[in-house]
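Colleague: Below you'll find the structure I mean.
The values are calculated or read from the model by the stated rules, or taken from the named source; none is laboratory data. In this text, all values refer to a predicted model and were calculated from it rather than measured experimentally. Positions of Cβ are generated from backbone atoms using ideal geometry, with glycine treated the same way; all protein chains shown enter the neighbour counts. In case anyone asks, the SASA skips ligands and DNA or RNA and just uses the protein heavy atoms, side chains included. Shrake-Rupley method; radii C 1.70, N 1.55, O 1.52, S 1.80 Å.
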Amino acid sequence: MTTSLPPDDLSALQKQHPNLFHLSNLDLKLSRLPLLHRMISRSHHIWLRDHCRCPTCFHPAAKQRLVNTFQIPPDIKPIHVHGSTEGLEVVSPSTEHHSSFYPWSWLREHTYDPPQQKDHHGNEKVLWGAKIAKSPPAITYEEVMDDSDSGLYKWLSDIDRFGFCFVSGVPPTLEATEGLCERIGFIRETQYGKLWTFTADLSKGDTAYTTMALGAHTDNTYFTDPSGLQLFHLLSHIDGSGGATLLVDGFYVASLLKELHPDLYDILSRVPVPAHAAGEPTALYQPSPPSGYPTLQHDILTKELTQVRWNNDDRSAMSHLDPNLVEKWYDAIRTWHKLLVSPDSEFWVQLTPGTVLAINNHRVLHGRSAFDGKRQVCGAYIGMDEYRSKLTVLQEKFDPRFKALATHESPTKDGRSVWNPIL
Ligand SMILES: C[N+](C)(C)CCCC[C@H](N)C(=O)O
Ligand SMILES: O=C(O)CCC(=O)C(=O)O
Ligand SMILES: [Fe+2]
């Protein structure tokens with residue numbers, strides 16, 4: 001099968017981009033495209049047509065697809081292809097001879113062949129153990145609240161890298177804590193409230209509202225979508241002691257388990273664990289489906305660990321367990337627990353009024369020691385999507401790796417650009 005490419009145009013293209021091959025060289029419905037650094041990638045014609053970002057195919061303000069994907073002929077082939085230093089122009093043989101333009105930067109960012117190994121968020125995760133106590137990630141309230149957003153970006157990046165970050169110098173009030181949370185995005189309202197405060201008065205039926213010690217856990221295991229971030233601010237602790245905060249990097253502990261006991265890691269990655277929140281007479285939370293989700297969850301494509309879900313106290317009856325896996329599963333959680341409570345994993349810190357702790361609740365487990373006296377903590381949950389959205393927007397604003405990809409933006413009449421590197 002060959003294309004109907006005008007030969008002149010093809011040879012001009014090959015002169016301009018000697019590393020370019022086109023469909024006429026192949027027996028497939030593919031274009032070979034030159035990308036930056038002499039990288040070669042291939043795109044199906046149907047994929048290119050479906051990804052046209054011109055204003056009639058992609059709404060420039062709403063950034064939503066307008067092209068009718070299902071009217072693209074399955075065997076579509078371009079009638080004209082032209083490569084320039086900016087990008088690739090492809091004219092499709094539709095009745096209107098539709099012309100599409102793909103900046104090289106966009107093609108490089110989105111190519112699927114060869115498959116890309118990439119982390120869209122650009123941050124290397126730093127796995128940590130007890131030694132993080134020497135220099136835990138921290139930023140000041142002033143920096144985070146600064147209008148330039150550069151402090152906010154640093155805060156969210158540190159949460160992305162370490163799974164938590166302190167903010168110091170926060171006025172020890174509900175209003176200031178709320179304002180800080182809202183720098184990230186909407187607070188997630190739950191059965192505990194929007195911005196919640198808690199003390200040992202059982203005003204909610206949960207052991208957090210007692211003086212008891214709480215082992216390392218993630219919150220909201222009983223939700224289908226556990227909150228992405230949790231923020232804590234110790235407002236006061238009068239006439240008593242204890243109540244130290246425990247942090248454990250679930251990704252670090254998971255990496256140990258994987259190394260030491262791959263079979264047990266596999267069990268925790270496969271067996272769903274049900275959970276419930278049933279301390280209030282008017283509510284009974286369980287995830288959907290009620291059999292729950294595995295303790296360790298992974299990216300379907302890259303197989304990377306993406307989420308730790310673990311609260312042994314909130315675990316429901318294990319009525320979905322495969323009878324053949326019961327002993328093995330208990331072996332797995334026993335070993336997981338042993339690594340979680342190892343002094344090498346635990347980071348203990350005493351919170352004080354004025355310091356807010358933000359935790360990635362999909363990665364870092366938290367707990368506290370028992371206490372006495374009157375201790376009041378406030379805080380909030382924020383959805384993972386709100387946090388990731390803000391981080392992504394700030395990456396585009398501040399990270400030169402994202403800026404570099406945005407160089408071929410063509411502004412539209414409303415001043416927004418069509419060529420967003422991540423779309
Ligand atoms: C944070 N706040 C005090 C509001 C609620 C605490 C809920 C703790 C619950 N057992 C869970 O694991 O989710
Ligand atoms: O009291 C604390 O410091 C933390 C309690 C807890 O785990 C929670 O509120 O989610
Ligand atoms: Fe908790």
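Colleague: Report the local net charge at GLY185: Lys and Arg +1, Asp and Glu -1, summed over other residues whose C-beta lies under 12 Å from its C-beta.
Modeller: Working: positive: ARG183, ARG188, ARG388, LYS390; negative: GLU182, ASP385, GLU386.
For residues surrounding GLY185, the net value is +1.
Colleague: Relative to the Cα centre, what is the charge dipole magnitude of region 342-397, using +1 at the beta carbon of each Lys and Arg, -1 at the beta carbon of each Asp and Glu, and rounding to the nearest 20 debye? Please list the in-between numbers first.
Modeller: On the way: 7 positive and 6 negative charges, 36 e Å.
Using Cβ point charges on Lys, Arg, Asp and Glu, region 342-397 gives about 180 debye.
Colleague: For PHE101, PHE70, give me the order by solvent-accessible area with a 1.4 Å probe, most accessible first, ignoring ligands, DNA and RNA.
Modeller: Working: PHE101 85, PHE70 185 Å².
Of PHE101, PHE70, the descending order of accessible area is PHE70, PHE101.
Colleague: Run the Debye formula on the Cα coordinates of region 130-396, all scatterers equal and no solvent, and tell me log10 I(q)/I(0) at q = 0.07, 0.10, 0.12 1/Å.
Modeller: Cα-only, vacuum Debye calculation for region 130-396: -0.24, -0.50, -0.73.
Colleague: Next question. Region 118-216: which chymotrypsin sites (Phe, Trp or Tyr not before Pro) are DSSP loop and have at most 15 other beta-carbon atoms within 10 angstrom? The partial results should precede the final answer.
Modeller: Working: sites: TRP128, TYR141, TYR153, TRP155, PHE162, PHE164, PHE166, PHE186, TYR192, TRP196, PHE198, TYR209; in loops: TRP128, PHE186, TYR192.
Counting only loop positions with at most 15 other Cβ atoms within 10 Å, the chymotrypsin sites (Phe, Trp or Tyr not before Pro) in region 118-216 are PHE186.
Colleague: Quick check: net charge around ASP314, other residues with Cβ under 11 Å of its Cβ, Lys/Arg +1 and Asp/Glu -1?
Modeller: Details: positive: ARG309, ARG315; negative: ASP206, ASP219, ASP313.
My count for the surroundings of ASP314 gives -1.
Colleague: Within region 284-356, report the trypsin sites (Lys or Arg not before Pro) that DSSP leaves as loop and that have at most 16 other Cβ atoms within 10 Å. Don't jump to the answer; show the numbers that get you there.
Modeller: Working: sites: LYS303, ARG309, ARG315, LYS328, ARG334, LYS338; in loops: LYS303, ARG309.
Answer by residue number: LYS303.
Colleague: Could you pull out the GluC sites (Glu not before Pro) across region 303-376 that fall in loop regions by DSSP (anything but H, G, I, E, B) with no more than 13 other Cβ atoms inside 10 Å?
Modeller: For GluC sites (Glu not before Pro) across region 303-376 that sit outside H, G, I, E and B with at most 13 neighbouring Cβ atoms in 10 Å, the list reads GLU304.
Colleague: Using a 1.4 angstrom probe with every protein chain in place, what is the largest-first accessible-area order of GLU89, GLU124, GLU109, GLU182? The partial results should precede the final answer.
Modeller: Numbers: GLU89 60, GLU124 150, GLU109 25, GLU182 90 Å².
The ordering from most to least exposed comes out as GLU124, GLU182, GLU89, GLU109.
Colleague: With a 1.4 Å probe and all protein chains left in place, how much of the accessible area of region 130-396 comes from carbon and sulfur atoms, in whole percent? Could you put the intermediate results ahead of the total?
Modeller: On the way: 6360 of 11740 Å².
Roughly 54 percent, rounded to a whole number.
Colleague: Net charge near GLY279: determine it from the other residues with C-beta under 12 Å of the C-beta of GLY279, scoring Lys and Arg +1 and Asp and Glu -1. Show your work: numbers first, answer last.
Modeller: Numbers: positive: LYS204; negative: ASP206, GLU280, ASP313, ASP314.
Around GLY279, the charge tally is -3.
Colleague: Along its principal axes, what span do the Cα atoms of region 92-185 show, with the longest given first and each in whole Å?
Modeller: 66, 33, 18
Colleague: Please calculate the 1.4 Å probe accessible area of HIS298, with all protein chains present, and give it to the nearest 10 Å².
Modeller: The accessible area of HIS298 comes to roughly 60 Å².
Colleague: Pairs to check: LYS131/LYS204; LYS134/LYS204; LYS131/LYS397; LYS154/LYS374; LYS131/LYS154. Give those whose C-alpha atoms are more than 30 Å from each other in this structure. Mind dumping the intermediate values first?
Modeller: On the way: LYS131/LYS204 35 Å; LYS134/LYS204 36 Å; LYS131/LYS397 33 Å; LYS154/LYS374 34 Å; LYS131/LYS154 22 Å.
Correct reply: LYS131/LYS204; LYS134/LYS204; LYS131/LYS397; LYS154/LYS374.
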